[in-house]
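Colleague: Quick one: the structure is below, and I'll ask about it shortly.
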């Protein structure tokens, strides 16, 4: 009987312990992140006015999560969780601003120690010094920017001092006039062609503001309103980049044994910086979910997520199991045989991905900007929730009865009905558990 790599992996995953795979069989790893992507804004999620054929094709070959959550509804904390496998507070990045401290193990440092070539492409947002830039955290190579957002053509920081922010490793480089989304894809595809085994962390900054897109991408959406048209064009440029990366995998024979995670960092934003004429942004679509970027209602951090690994996991389909972005690191450690670093909060999802085993998560937890939230099964509790919608007071916490908001997401995924009074005992139980978790976080 012939045994395929997939058969070997399935047998290995069924075992109570997994040994490190032989060097030749270790998967390459790609982690692809989109920035401020609406929870509904991909073709495979039903966005009929957008065109994402390359992303949709990858999703069709992988396992799609209906309940993938970011660990934070804002950029830097979400990225700290992806890279460290920790809650953002445990990683020392509870909000935008703090750098990821040197010495905290990252996905890159762990895999580099196991013989992987490691590359970071795009948005970093976790520090800019020698010790806190990507090359200080285990990446052999870096192409991208350190800050939270840059002009897509001049590559200058979009706020305040407007300083230039484009780098190759620790050298500042100048590529004025070149569209950054395309350059990120170029660099990632080139890296794939040169290295084995590899970890590629590809953090596209689209569709985060500033809202910039070349005319050829806008021309694909002639019937959309201007704001949605630019947003759609930015995502289309990313989709073309994903296609370029996939062709590099296929050309080099790496497609079959590359484990890819594709996620958003948080939900769509309503920030006026992303809108037109000084108005709140309207382009991003979070579907039925309540709230937007910065909110601990699901619109803030219930994000697109799928996993593709042709050699190792079942093809296609959906799962309702719970997952968080901090699960990426421990899952990759098991798949590659790399050692799991200490103090990891995330859980290994490999059995869920490979054989539809139940999620390892009994409960999920969040803390952000004075808000707290937890999910257990279908039940979601939000404390001091903020919507960050298009109202003048949307950044203010809900008050009175609504300061504690309980939803059953199976019946009401939009969190429109507060059930706190009809399930008072459950609210007390969830509150106790949530505060116990929060009190144990580093302060």
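Colleague: Name the one entry in 312, 346, 278, 291 that is surrounded by 24 or more Cβ atoms within 10 Å (Cβ to Cβ), on the phi > 0 side of the Ramachandran plot and either free of Cβ contacts under 8 Å to residues at least 24 places away in the same chain or in contact with a helix residue (DSSP H, G or I) (Cβ under 9 Å, 6 or more places away or on another chain) (or both).
Modeller: Every option except 291 fails the conditions.
Colleague: Quick check on segment 368-423: of everything there that is free of Cβ contacts under 8 Å to residues at least 60 places away in the same chain and at positive phi, which residue is farthest from the chain's Cα centre (by Cα)?
Modeller: Looking at the filtered set, the residue picked out is 400.
Colleague: May I pose another question? Would you mind stating whether residue 137 is in contact with a strand residue (DSSP E or B) (Cβ under 9 Å, 6 or more places away or on another chain), closer than 28 Å to residue 395 by Cβ and either at pLDDT 95 or above or crowded, with 19+ Cβ neighbours inside 10 Å (or both)?
Modeller: Answer is no for this residue.
Colleague: If you don't mind, there's one more thing I want to ask. When you scan segment 174-187, do you find a residue that is in contact (Cβ under 8 Å) with a residue 60 or more places away in the chain, farther than 28 Å from residue 260 by Cβ and in contact with a strand residue (DSSP E or B) (Cβ under 9 Å, 6 or more places away or on another chain), even just one?
Modeller: Looking through segment 174-187, none of the residues is in contact (Cβ under 8 Å) with a residue 60 or more places away in the chain, farther than 28 Å from residue 260 by Cβ and in contact with a strand residue (DSSP E or B) (Cβ under 9 Å, 6 or more places away or on another chain).
Colleague: Looking at 241, 193, 267, can you tell me which residue is assigned to a helix (DSSP H, G or I) and surrounded by 22 or more Cβ atoms within 10 Å (Cβ to Cβ)?
Modeller: 241
Colleague: Given the criteria farther than 30 Å from residue 407 by Cα and in contact (Cβ under 8 Å) with a residue 60 or more places away in the chain, does residue 335 qualify?
Modeller: So residue 335 passes the test.
Colleague: For segment 1-111, which helices (runs of 4 or more DSSP H) that fit wholly inside it have 3 or more residues that are under 22 Å from residue 356 (Cβ atoms), in contact with a helix residue (DSSP H, G or I) (Cβ under 8 Å, 6 or more places away or on another chain) and modelled with pLDDT under 95?
Modeller: 5-14
Colleague: OK, next. It is to be established whether one or more residues within segment 331-341 are under 19 Å from the mean Cα position of the chain (by Cα), under 23 Å from residue 46 (Cα atoms), crowded, with 21+ Cβ neighbours inside 10 Å and at pLDDT 95 or above.
Modeller: Scanning segment 331-341 turns up no residue that is under 19 Å from the mean Cα position of the chain (by Cα), under 23 Å from residue 46 (Cα atoms), crowded, with 21+ Cβ neighbours inside 10 Å and at pLDDT 95 or above.
Colleague: Could you please find all residues in segment 83-132 being touching a strand residue (DSSP E or B) at 6+ places or on another chain (Cβ under 7 Å), surrounded by 24 or more Cβ atoms within 10 Å (Cβ to Cβ) and within 23 Å of residue 370 (Cβ to Cβ)?
Modeller: If the condition is that a residue be touching a strand residue (DSSP E or B) at 6+ places or on another chain (Cβ under 7 Å), surrounded by 24 or more Cβ atoms within 10 Å (Cβ to Cβ) and within 23 Å of residue 370 (Cβ to Cβ), then no residue fits.
Colleague: Which residues, counting only those in segment 149-163, are over 30 Å from residue 41 (Cβ atoms) and either surrounded by 14 or more Cβ atoms within 10 Å (Cβ to Cβ) or touching a strand residue (DSSP E or B) at 6+ places or on another chain (Cβ under 8 Å) (or both)?
Modeller: Once the filter is applied, which keeps residues that are over 30 Å from residue 41 (Cβ atoms) and either surrounded by 14 or more Cβ atoms within 10 Å (Cβ to Cβ) or touching a strand residue (DSSP E or B) at 6+ places or on another chain (Cβ under 8 Å) (or both), segment 149-163 yields only 163.
Colleague: While we're here: Considering only residues that are touching a helix residue (DSSP H, G or I) at 6+ places or on another chain (Cβ under 8 Å) and surrounded by 14 or more Cβ atoms within 10 Å (Cβ to Cβ), look in segment 415-443 and name the one that is nearest to residue 301 (Cα to Cα).
Modeller: By that ranking, first place goes to 415.
The values are calculated or read from the model by the stated rules, or taken from the named source; none is laboratory data. Since the model is a prediction, treat every value here as computed from it, not as a measurement. Cβ: placed from backbone, ideal geometry, glycine included. Neighbour counts: every protein chain shown.
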